[in-house]
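Asks: Dropping the structure in here first, questions after.
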Amino acid sequence: YQRRVHGEETHRKKRNLAVMTLQRIWRGYICRRQLKKRQQAAKLIQYYERERQIWSKSKNRAVLRIQAQWRSYMARQLVIEMKERKRKAVMIQKNWRGGQVRSDIKKRKEAYEREMALKQLEIAKIKKMEEEYELAKERERERREKEKQAKLEQQIKKQRLEGALFIQRVWKGYKVRRMITIKEKAAIKIQRVVRGWIGRRSLYKKKQKEEEEKRKNEEKAKIIEKKPQKVEVKRKAVIAKAPTLQPSQSIKVVMPPPPPPPPPPPPIQSLETANSNDSTPPPTGPAP
């Protein structure tokens with residue numbers, strides 16, 4: 001069934017393609033024929049139009065020639081007249097501008113002479129003002145030199161005073177720092193000696209305490225070792241006194257509980273902790 005459907009579809013596509021090809025060829029033929037007819041009609045119209053233009057040009061050629069000759073004559077006459085007018089106008093302008101320039105030069109010369117006279121007066125005034133300014137400047141320079149000398153002397157005195165104060169301040173600071181250093185060294189030495197004596201005393205007490213605890217622990221251990229021997233002797237005596245028992249029976253001996261283990265020795269504290277825990281005040285006499 002699928003092959004039949006596929007064959008029919010392929011046949012339909014080929015038929016459509018053949019129809020489309022025929023249509024395309026026919027339409028191309030129709031279009032080319034119409035285009036050819038239009039081109040022939042256009043060529044015919046162009047031919048008649050060109051014949052008409054050639055006939056009209058030959059008719060108007062004489063009229064155009066007469067008009068050109070007349071217009072060229074009138075143009076030459078107009079150019080000659082314009083040149084004459086321009087020459088006359090240039091002459092008038094030249095004379096007018098020459099008079100204007102001469103009068104302007106005369107006015108400028110008079111103005112320049114007046115300006116030079118005023119400048120001479122101004123130069124004289126400026127020279128006089130410069131002389132007065134130089135004199136005032138010299139006086140001001142002398143006054144400033146005097147003030148500068150006075151300020152310099154005051155500054156030297158102030159620097160000397162400041163230098164003396166600085167030397168005194170440095171010397172006093174050195175003396176105070178030296179005294180403080182000596183006192184600090186002495187205090188540190190005293191503290192070192194006292195703390196050493198306190199540390200040695202606390203260590204000696206701890207050592208005695210540890211020896212005492214060790215001795216007590218040894219005594220307790222000896223007592224604990226003797227107790228099992230006494231219990232074994234009592235058990236043998238009870239067995240000897242007790243009647244004969246059956247094999248199924250057994251004797252229950254109640255053992256006393258073992259004694260608790262001895263407490264661990266106290267940890268060795270640091271020197272600073274021992275000094276803080278020790279409540280004994282330091283001796284007032286010399287250290288040993």
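The values are calculated or read from the model by the stated rules, or taken from the named source; none is laboratory data. Note that the structure is a prediction, hence the values are computed from the model and not measured. These area figures cover heavy atoms from the full protein model, side chains too; ligands, DNA and RNA do not enter into them. Shrake-Rupley method; radii C 1.70, N 1.55, O 1.52, S 1.80 Å.
Asks: When you go through 147, 134 one by one, which is the residue that is open to solvent by 90 Å² or more (accessible area, probe 1.4 Å) and assigned to a helix (DSSP H, G or I)?
Replies: 134
Asks: Every residue in segment 106-127 that is open to solvent by less than 100 Å² (accessible area, probe 1.4 Å) and acidic (Asp, Glu), please.
Replies: Answer for segment 106-127, where residues must be open to solvent by less than 100 Å² (accessible area, probe 1.4 Å) and acidic (Asp, Glu): 110, 115.
Asks: Given the criterion basic (Lys, Arg), in a helix (DSSP H, G or I) and at pLDDT 80 or above, identify the matching residue among 65, 52, 4, 24.
Replies: After applying the criteria, what remains is 24.
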